[in-house]
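Below: one structure, written as structure tokens.
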Amino acid sequence: PQFYQCNRTSTCGCGSTPVILTPSRIVGGEEALAYSWPMTVSVRTDGDDSQHQCGGTILSNTYILTAAHCLSSYESGPVEGISIAAGMNHLLDSKQIRRTVDRIYIHPNYSRRINGYRNDVALLHLNASLNTDANVFLTKTCVHRVDPPLISS
């Protein structure tokens, strides 16, 4: 295991607790230090606020990134029956912050299992802001800026 101390001057990616990184896989998971991953959320489907479907990560106060295969019965556009829970240490944490998803954007070139799950990404738009600046249990994931290539004429 490797102990990782986050740069507290950063505006993204840091929790109130440092993390311990291990060489294990994501699938199946393992117990994390309490409140060490404040950029993660629980994506919930079928209108059941307590039914965890998949994980996601906070990109901004109103957008969540998740896997498209988690939303296999949905299409891009306005949606009902999807929610997220954030700011928690475990799935039943009473401190969780819940938001309803009002629109999903599935990558237009997403291919399902038969084609190897290519472009397996989706964005979820929240109906109300998470306000990551005012809550120590929430933070945005750090995303590096990508400049489009310059096109010469």
#### Entry: the range 99-152: proportion of alpha-carbon pairs further apart than 18 angstrom, %
62
### Summary
Extension length gain for Thr17 and Asp46 (0.36 nm per residue less Cα distance), in nm, is 7.2 nm
### Message
Can you tell me the length gained on complete extension of the stretch Arg8 to Cys142, counting 0.36 nm per residue apart and subtracting the Cα distance?
### Response
47.0 nm
### Query
Can you give the Rg to Rh ratio for the range 69-113, taking only C-alpha atoms and Rh from Kirkwood?
1.07
### Message
Given axes a ≥ b ≥ c from the Cα gyration tensor, I'd like to know whether the range 62-153 is rounded (a/c under 1.5), prolate (a/b larger than b/c) or oblate.
### Response
oblate
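No lab work stands behind these numbers, since they all come straight from the coordinates. Just so it is clear, the structure is predicted and the values come from calculations on it, not from any experiment.
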